Structures are given as C-alpha cells and as structure tokens.
1. Calculate one ³J(HN,Hα) per residue across the range 229-238 by plugging θ = phi - 60° into the Karplus curve 6.51 cos²θ - 1.76 cosθ + 1.60, and present them in order as whole Hz with x for glycine and proline.
2. With 10 angstrom as the radius, rank Glu163, Glu240, Glu65 by how many other C-beta atoms surround their C-beta, starting from the fewest.
3. Suppose every Lys and Arg Cβ carries +1 and every Asp and Glu Cβ carries -1, with no other charges. What dipole size does the range 154-216 come out with about its Cα centre, to the nearest 20 debye?
4. Using +1 on the beta carbon of Lys and Arg, -1 on that of Asp and Glu, and nothing else charged, what's the dipole of the chain about the Cα centre, debye to 20?
5. Going through the range 103-191, which trypsin sites (Lys or Arg not before Pro) have at most 10 other Cβ atoms within 10 Å and a DSSP loop state?
6. So what's the back-of-envelope 222 nm ellipticity for the chain, counting only DSSP H runs of four-plus at -39500 (n - 2.57) apiece and dividing by all residues, rounded to 500?
7. So which residue, out of Leu35, Leu162, Leu126, gets the largest mean-square fluctuation from a GNM of the chain using Cα contacts under 10 Å as springs?
8. Is the range 115-159 best put as rounded, prolate or oblate by its Cα gyration tensor, with a ≥ b ≥ c the root eigenvalues, rounded for a/c under 1.5, and otherwise prolate when a/b is larger than b/c, oblate when not?
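Values in this text are rule-based calculations from the coordinates and carry no lab data. Everything quoted here is computed from the prediction, not taken from an experiment. Counting neighbours? That spans all protein chains shown, and the Cβs are built from the backbone with ideal geometry, glycine included.
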Amino acid sequence: MRVHSATQPGTPGRPNEDFAATAVPAGGVGGALVLLDGVTAPAGDFGCRHGVAWFAAGLGGALLELAASRRHVPLAGCLDLAISRTADGHGTTCDLSHPRTPQATVVCSRWDDDTVEYLVLSDSALLLRAPDGAVRAVLDPRLDELRPAARRLPMERRAGFLEGLRNAEGGFFTAAADPAVAALAVTGSAPRAAVRSLAAVTDGLGRWVETFRLGGWPELFTLLTDEGPAAAIARVRAAEAADPDGVAFPRGKASDDATAIVVEL
C-alpha cells in the first residue's frame, strides 16, 4: 500500500481548516482514511472559543481512531461516536447549539482483504478506481441539488438561502455537534477486488472538476496519481489566480483550502 497526500490553505497566513490522515492498524490488515473540510465560520461570535481548525482536528482524529480500531462498528456508527466525543470535549465551554458551531464535511473509508467501506457527508468527494481504470465518484448530492434554486435568487439572498438549509430538513448536512447526522451520510461498500486505488478530495480541490471544468473525476484521478496531489492543487491555484474576482467562474471564495489523499491498494 502506498499513500500520497498534500494540503494547502486557501489564504497564506490563515489556518488550514482541512484535516487529512490515514492509519494502518496493528497487524497490518487493511487501513483507514479520514478527510475533513472545516466549514469556515462567519466573522464574530459563533459560540466556540476553539475555532474550526481545532474542531476538524479533534473530530478527524477521533473518527480515524474509531474507524481503525472498531472494525465491527459501521462507519456511520464511528462518526456518531466521534461527533459525541468531540462535543464532550468542548460542550462545557462552548455553545454547541449555535447554528454555526464548528462543523465539517466528512469523507471516511476503511478497507481490508475483502471489502472497501466508505462514508461521505456533504461536498467533499471519494473516488474509487477499479482495476480496469474506471473511476466512480462517491458524492453526497444534496448541496449541489440546492444550488440551482439559489442561483435563481438575487445575489444578495443566495448565501442566506443556503445557510438556512444547513443541517435542516430538506437541506444539506455537515458534522457539527449532533451525532444523529451520521445516519444521514452516504455510505456503502465495494469488494476489495473491485478497487485498485482510492482518492479523497475536499471541495477546494474538487473545484478542478466542479467549478473550473478542467476535466471530469477520472481525469482528476489521473492527475492525482500521475503528477501527485501537490501538482493537482497547483493547477487549481493557477485557475483561481487567472480569475481572482470569480467573474468567469463564480464561487463562494476566491481561493479555498485544498487537500487530497491518494491510497494505492
């Protein structure tokens, strides 16, 4: 097994709110990966004194440990426990009921000799490449399904429209302080023999496909494996720099934290 990863903050000098890690359990049977994209909080008080980067690291570390060590627990159950554990770590000092309490998108995968399991919550992505080279993207489509309705609204109302549907019925979901959200994640599995390699990317790198239209998910996977995650991030940064005001390619941030993990099984 080989693992390649890279990450870069969207803005130099600001904390990188992504989290990425892999683990190989004692005995070397299988492994696990976790990728989180912390949701940047608005300016002002959002109920937590620790910050989004702290939350992403705490939740990501807890989820990785649980996914690797409790192989009998489904990944959704591991995420449920990880959210509860992280909430317990700051619930006495922070207002976890605040609508913008720290939260994150989640990608988690776990594999052994027989099976590759996966979980995706919100707009980060997991890519599975088969031995014949075919690539399948595992996505949580809920946020993308809401964006066309947002685009029909006046510009000044779009952000508020989507914000009102965060972690709400009929909307989209992120991992925050409520462990019940784990049951809403996209989950599944594939035979180990059907997966040669896998890649997890935050939406800051996924904009290579979804915003700048430089290629599809199979082409991004090829870039990740042939040139490496750092090169893929550099391609996104070049596209962002060529359109700094988002005129040709509208987006919420001119530049976003970008992270990828590639695992060759």
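1. x, 5, 5, 5, 5, 4, 5, 5, 4, 5
2. By the 10 Å Cβ count, ascending, the order reads Glu163, Glu65, Glu240.
3. Its charge dipole is roughly 340 debye.
4. 200 debye
5. Arg152
6. -10000 deg cm²/dmol
7. Leu162
8. Prolate, because a/c is 1.5 or more and a/b exceeds b/c.
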